[in-house]
């Protein structure tokens, strides 16, 4: 055995290698999410639920009554898609919606147009939704059963891996806009150089 110091023969990955690695991770993530949805879809269908419907019920069960706009934001979907999901849940008697008038925003009279000063102001109206008593009972019955199936699928990961997976997913959703634009610009510059050569 040689007494000479070990010299690693590693190189810094190129932008192309970084892009390939990122894309491979992305495809693995998407494939795994689709696989998980497929595995869980059958059980949810046995409760006459879609994945979207279950997610809305679970969100309301966990957080209580919510403004429709906030729920759409939390579910990462647009308001129209949420309306379709909630309508079906309403028809089942699990969710109810209502319009609520908010109190007017606190504004100093000097910041209001002169024509509206001293006049009664009204707050805007927002749609909100909540679980009905029947909905709470239903979710309280379905959630533990669904959690058991999820637990069995996730059993291949140890506790630390599950925590890491959750942390990584949250980190991806939060993103870093500065790094994002820097990376996009970097890739574009690389493509320009490749086109010139």
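Quick notes on this one:
- Every listed requirement among (1) surrounded by 14 or more Cβ atoms within 10 Å (Cβ to Cβ); (2) farther than 20 Å from residue 140 by Cβ; (3) in contact with a helix residue (DSSP H, G or I) (Cβ under 8 Å, 6 or more places away or on another chain) is met by residue 67 save one, (3).
- Boolean, residue 96 is touching a residue at least 60 places away in the same chain (Cβ under 8 Å) and in contact with a helix residue (DSSP H, G or I) (Cβ under 9 Å, 6 or more places away or on another chain): no
- Residue count for segment 92-115, restricted to those that are within 27 Å of residue 128 (Cβ to Cβ) and out of contact with any strand residue (DSSP E or B) (no Cβ under 7 Å at 6 or more places or on another chain): 7
- Within segment 87-115, the set of residues being over 17 Å from residue 50 (Cβ atoms) and surrounded by 10 or more Cβ atoms within 10 Å (Cβ to Cβ) comprises 96, 97, 98, 100, 101, 102, 104, 107, 112.
- Restricting attention to segment 64-102, the residues that are farther than 30 Å from residue 121 by Cα, within 15 Å of the chain's Cα centre (by Cα) and at pLDDT 90 or above add up to 2.
- Hey, residue 29 modelled with pLDDT of 90 or more and under 18 Å from residue 172 (Cβ atoms) or not: yes
Residue-by-condition table, conditions (1) at pLDDT below 95; (2) loosely packed, with under 11 Cβ neighbours inside 10 Å:
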site: 119; (1), (2): yes, yes
site: 128; (1), (2): yes, no
site: 131; (1), (2): no, no
site: 140; (1), (2): yes, no
site: 143; (1), (2): yes, no
site: 151; (1), (2): yes, yes
site: 157; (1), (2): yes, no
site: 171; (1), (2): yes, yes
site: 174; (1), (2): yes, yes
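- Residue 180 meets all of the listed conditions (1) surrounded by 10 or more Cβ atoms within 10 Å (Cβ to Cβ); (2) modelled with pLDDT of 85 or more; (3) under 30 Å from residue 35 (Cα atoms) but one, namely (2).
- For residue 123, the test of being modelled with pLDDT of 80 or more, over 14 Å from residue 58 (Cβ atoms), surrounded by 10 or more Cβ atoms within 10 Å (Cβ to Cβ) and in contact with a strand residue (DSSP E or B) (Cβ under 7 Å, 6 or more places away or on another chain) is failed.
- Here segment 30-51 is the region considered, the condition is being touching a residue at least 12 places away in the same chain (Cβ under 8 Å) and within 18 Å of the chain's Cα centre (by Cα), and the residue that is nearest to residue 145 (Cα to Cα) is 40.
The values are calculated or read from the model by the stated rules, or taken from the named source; none is laboratory data. What you see is a predicted model; the values in this text were computed from it and never measured. A quick note on method: Cβ atoms are made from the backbone with ideal geometry, for glycine too, and the neighbour counts reach across all protein chains shown.
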